[in-house]
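Every number in this text was worked out from the coordinates using simple rules, so none of it is lab data. The shown structure was predicted, so the numbers you read here are calculated from the model rather than taken from an experiment. Cβ placement follows ideal geometry from the backbone for every residue including glycine, while neighbour counts extend to all protein chains displayed.
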Amino acid sequence: MLRSALAGLLTGLMLAVGLPAASAGDPEFGRMWRDDGVLREGCHRYKYHYKVKPPKPDWALETFLVDPTGETIASGGFISGNDPKRGTGKFRFCEYNTKPGRFKLRGKLTYREGFQQWVVWVKPKFFRLRADTS
């Protein structure tokens, strides 16, 4: 009950200052994606794409890769003034401690104006990495 009351309060505050309120995984603020692929032997970098649409010019995107067991195995980051609003990133991880299967890309977008700061999660995206049979 306390969590829903706090969420309602935050939504009300955001609307009061004229900023959009976002639910968990709101596609309005951006997205991340990657095609299905192969989990290659050894340690490699795996490319993914991102696009953010922050309502304010100062922003940061934290990215997380969650493996089929639910563990976060890699992360990355992008920031305004240094990175474009649309681009690619790479996660580095190793096959010997990662299971093939369904992976999840998560993105946490933080944007600010002056001393005010807001945090929203972009809608998660799923993809599969199958075992390398070559």
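Miscellaneous remarks
- Remark: spin-label model distance VAL38-LYS51 equals 2.9 nm, labels positioned 7 Å along the Cα→Cβ axis.
- Between LYS85 and GLN116, full extension at 0.36 nm per residue minus the direct alpha carbon distance yields a gain of 9.1 nm.
- Footprinting exposure proxy for TYR96, TYR48 (fewest neighbouring C-beta atoms within 10 Å first): TYR96, TYR48
- Viscosity 1.306 mPa s, 10 °C: Kirkwood-radius Stokes-Einstein D of segment 22-131 over Cα pairs, µm²/s: 110
- By average C-beta atoms within 10 angstrom, highest first, the peptides 76-84, 124-132, 29-37: 29-37, 124-132, 76-84
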